[in-house]
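Structure record follows, encoded as structure tokens.
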Amino acid sequence: MAGTTNGYSCRRCLRPIHGDRGLHEDIFEGMHLLCFHLEFEHPGDPDLPCDDPGCFVRREQILGSKLRELGHDPQAVIEAAIRAEFD
Ligand SMILES: [Zn+2]
Ligand SMILES: [Zn+2]
């Protein structure tokens, strides 16, 4: 996996945290940002958007609708980006 580990793991999922340890301890209670959101801010189904302005699912939906407004197919954009990254 990319990035360096600092021997520090998320309290929620127990996987390594690669970012700044102080930031994660001070702001996200020793969790990944996504884990913090799901634990404290995101009630209900994790696959559905919640009312929090920073919700990851909501952000993805907003980006998708903006791409459609601009005349792009969000799925095609993602697939092209993934091909460019991994092929
Ligand atoms: Zn986590
Ligand atoms: Zn959410």
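A few remarks follow.
- ARG11 fulfils the conditions (1) charged (D, E, K, R); (2) at pLDDT below 90; (3) in contact with an Asp or Glu (Cβ under 8 Å, 6 or more places away or on another chain) except for a single criterion, (2).
- Just one residue in the set ASP45, ASP52 is more than 16 Å from ligand 1 (Cβ to nearest atom) and surrounded by 10 or more Cβ atoms within 10 Å (Cβ to Cβ); that residue is ASP52.
- Residue ID - farthest from ligand 1 (Cβ to nearest atom), chosen from residues in the stretch 11-42 that are more than 15 Å from the chain's Cα centre (by Cα) and part of a loop (DSSP other than H, G, I, E, B): ASP20
Residues are listed down the side, and each one gets a yes or a no for (1) exposed (fewer than 11 other Cβ atoms within 10 Å of the Cβ); (2) at pLDDT below 90:
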residue	(1), (2)
THR4	yes, yes
LEU34	no, no
LEU38	no, no
LEU63	no, no
GLU69	yes, no
VAL77	no, no
ALA81	yes, no
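- The condition of being more than 16 Å from ligand 2 (Cβ to nearest atom) and touching a Leu at 6+ places or on another chain (Cβ under 8 Å) holds for only one of PRO46, PRO74, PRO16, that being PRO74.
The values are calculated or read from the model by the stated rules, or taken from the named source; none is laboratory data. The structure displayed is predicted, hence computed values, not measured ones. Using ideal geometry, Cβ is built from the backbone for each residue, glycine included, and neighbour counts are taken over all protein chains shown.
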